[in-house]
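This report concerns only the one structure given below.
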Amino acid sequence: MGEVMPLNPSHHPIILFDGVCNLCNQWVQFVIKRDSRDLFRFASLQSDTAGTLLSQHNYEHPPLQSAILLMNGNLYTESTSILHIVRRLRWPIQLMTCFRVIPAFIRNPLYRFIARNRYKWFGKQTSCMLPTPETKMRFLD
C-alpha cells in the first residue's frame, strides 16, 4: 500500500475514510477543524460515492483499514495519505510531514498495526457518521 495510482484531477482533494470507525471519524473532525481553507472533501468508504470514485480508477475493493486521499490526479493510501493531508493543514500540524523522511515500508507497518486494532481500541458505530449542518457541504455522500 501507499502506492500512487492515476486519477482525474479534482478541484478539492477527497478523503475517503471508514465511516463506522470512531478513530477515523475523530480524524475527519481533526482535519475539518484545522483545514482553514475548506480544501478537503470527505466520503465514507462504505458510500456509493466512494465506490463510484474508486471503481472509476480501478481501485474497486479498498481495505477499510486505509484512509485514502484522491488529490491532483493521484490516489494515496495508508501513512502516505495522512502525510499529504497534514501538509495542507494549519501550522503546527504541518510539522508531522517530517515523517516523510521515513520510508513508507517502515511507516506503513505501524499504520497497519493501528488500523488492525482501531475497533478494539476506539470502538465503532453501527452506522456512518452524519455531518453537522456546518460541515454538510464538505461531505460527498
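The values are calculated or read from the model by the stated rules, or taken from the named source; none is laboratory data. All values derive from a computational prediction rather than experimental measurement. Reconstructed Cβ throughout: ideal geometry from the backbone, glycine too, with neighbour counts over all protein chains shown. SASA here: full protein model, heavy atoms, side chains in, ligands and nucleic acids out. Shrake-Rupley method; radii C 1.70, N 1.55, O 1.52, S 1.80 Å.
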Q: Determine, yes or no, whether L53 is among the aliphatic types (A, V, I, L, M), modelled with pLDDT under 85 and in a helix (DSSP H, G or I).
A: no
L75 passes all but one of the listed conditions (1) touching a helix residue (DSSP H, G or I) at 6+ places or on another chain (Cβ under 9 Å); (2) among the hydrophobic types (A, V, I, L, M, F, W, C); (3) assigned to a helix (DSSP H, G or I); the exception is number (3)
Of those in the stretch 80-113 that are more than 21 Å from K33 (Cβ to Cβ) and among the hydroxyl-bearing types (S, T, Y), the residue surrounded by the fewest Cβ atoms within 10 Å (Cβ to Cβ) is Y111
In the set M129, M137, the lone residue that is closer than 18 Å to I14 by Cα, open to solvent by 30 Å² or more (accessible area, probe 1.4 Å), part of a helix (DSSP H, G or I) and at pLDDT below 95 is M137
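Does L69 fit the bill of being in contact (Cβ under 8 Å) with a residue 12 or more places away in the chain and assigned to a strand (DSSP E or B)?
yes
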Can you find a residue that is more than 13 Å from the chain's Cα centre (by Cα), in a helix (DSSP H, G or I), of a type in the set (A, V, I, L, M, F, W, C) and farther than 24 Å from V20 by Cβ anywhere in the stretch 105-113? yes
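Without any contact (Cβ under 8 Å) to a residue 12 or more places away in the chain and within 16 Å of V31 (Cβ to Cβ): does that describe M137?
Working: without any contact (Cβ under 8 Å) to a residue 12 or more places away in the chain: yes; within 16 Å of V31 (Cβ to Cβ): yes.
So M137 fits the description; yes.
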So, R116, is that one of a type in the set (K, R), in a helix (DSSP H, G or I) and either touching a Ser or Thr at 6+ places or on another chain (Cβ under 8 Å) or open to solvent by 90 Å² or more (accessible area, probe 1.4 Å) (or both) or not? yes
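Report, by residue number, each residue of the stretch 51-79 that is β-branched (V, I, T) and crowded, with 19+ Cβ neighbours inside 10 Å.
Residues satisfying the conditions are I68, T77.
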